[in-house]
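Everything below concerns the one structure shown next.
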Amino acid sequence: MELKQTKEKYDAVVVVEGKDDTKQLQNFFPGIETVETNGSAVSDETLALLKKLAEKRPIIIFTDPDFNGERIRKIVSQAVPNAKQAFITRQEGAPHKKGSLGVEHASKAALTRALHDLHQVEPEKSDLTWDAYMNLGLTGQADSKYLRETVGEQLGIGYGNGKQLYKRLRMFGIDLATLQKAVQADD
């Protein structure tokens, strides 16, 4: 699914954490509509709204590349399992001065890439096993963290610790061959 614009309207509603994320997206994509979670304690009202919206419009979850962003992503994904997922890298979300990682710091190029390179839950497509994942060095090695960050960036699915990235790879239906190519591209 691509983010399509029709006379200042996009077909998708983008879930973000706060008003600064909305401002940044609207700065580059006038007419884009967002739903703000207002922090990591996503309210029942917000989840009910998203469920209702998902009946008529595509939903894109676009949270910050940090712990709270992942927490929000999981909560919203449970409420709206067919939501698409957009990711920026930790580097793309780094503040220029002070502050924490966030969508509000990302460039137009990073936001455009993330909103066009969407992922959806497709676990039945993945043939990836934990043993194969470990054998590729994505966990248990001195450089595993760096490798996970690089692979997550190449595949456009963000950073995760050892277990998180494995679950995300399987969740998005990324197969072993695709993962092997991403690992080899890092060499």
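The values are calculated or read from the model by the stated rules, or taken from the named source; none is laboratory data. Predicted model only: the values in this text are computed from it and were never measured. Please note: Cβ atoms are built from the backbone with ideal geometry, for glycine as well, and neighbour counts cover all protein chains shown.
Values as computed for the structure displayed
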{"read-out": "Pair list, Cβ < 9 Å and 6+ apart or interchain, from region 158-187 residues that are closer than 13 Å to residue 146 by Cβ to residues that are in a loop (DSSP other than H, G, I, E, B) and at pLDDT below 85", "value": "165/158; 165/159"}
{"read-out": "Condition check for residue 35: in a strand (DSSP E or B) and in contact with a Ser or Thr (Cβ under 6 Å, 6 or more places away or on another chain)", "value": "no"}
{"read-out": "Where residue 60 falls short, out of the listed (1) surrounded by 12 or more Cβ atoms within 10 Å (Cβ to Cβ); (2) out of contact with any Asp or Glu (no Cβ under 7 Å at 6 or more places or on another chain); (3) at pLDDT below 95; (4) not assigned by TED's automatic domain parsing to the domain that holds residue 156", "value": "(3)"}
{"read-out": "Selection count, region 134-170, where residues are surrounded by fewer than 18 Cβ atoms within 10 Å (Cβ to Cβ) and either under 15 Å from residue 90 (Cβ atoms) or under 15 Å from the mean Cα position of the chain (by Cα) (or both)", "value": "7"}
{"read-out": "Which numbered condition residue 185 misses (of (1) in contact with a Leu (Cβ under 8 Å, 6 or more places away or on another chain); (2) among the small types (Gly, Ala, Ser); (3) loosely packed, with under 15 Cβ neighbours inside 10 Å; (4) closer than 20 Å to residue 89 by Cβ)", "value": "(1)"}
{"read-out": "Of all residues making up region 23-53, the number that are among the charged types (D, E, K, R) and under 25 Å from residue 110 (Cβ atoms)", "value": "3"}
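For every residue, the table says whether it meets (1) over 16 Å from residue 167 (Cα atoms); (2) surrounded by 22 or more Cβ atoms within 10 Å (Cβ to Cβ).
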| site | (1), (2) |
| --- | --- |
| 74 | no, no |
| 85 | no, yes |
| 92 | yes, no |
| 95 | yes, no |
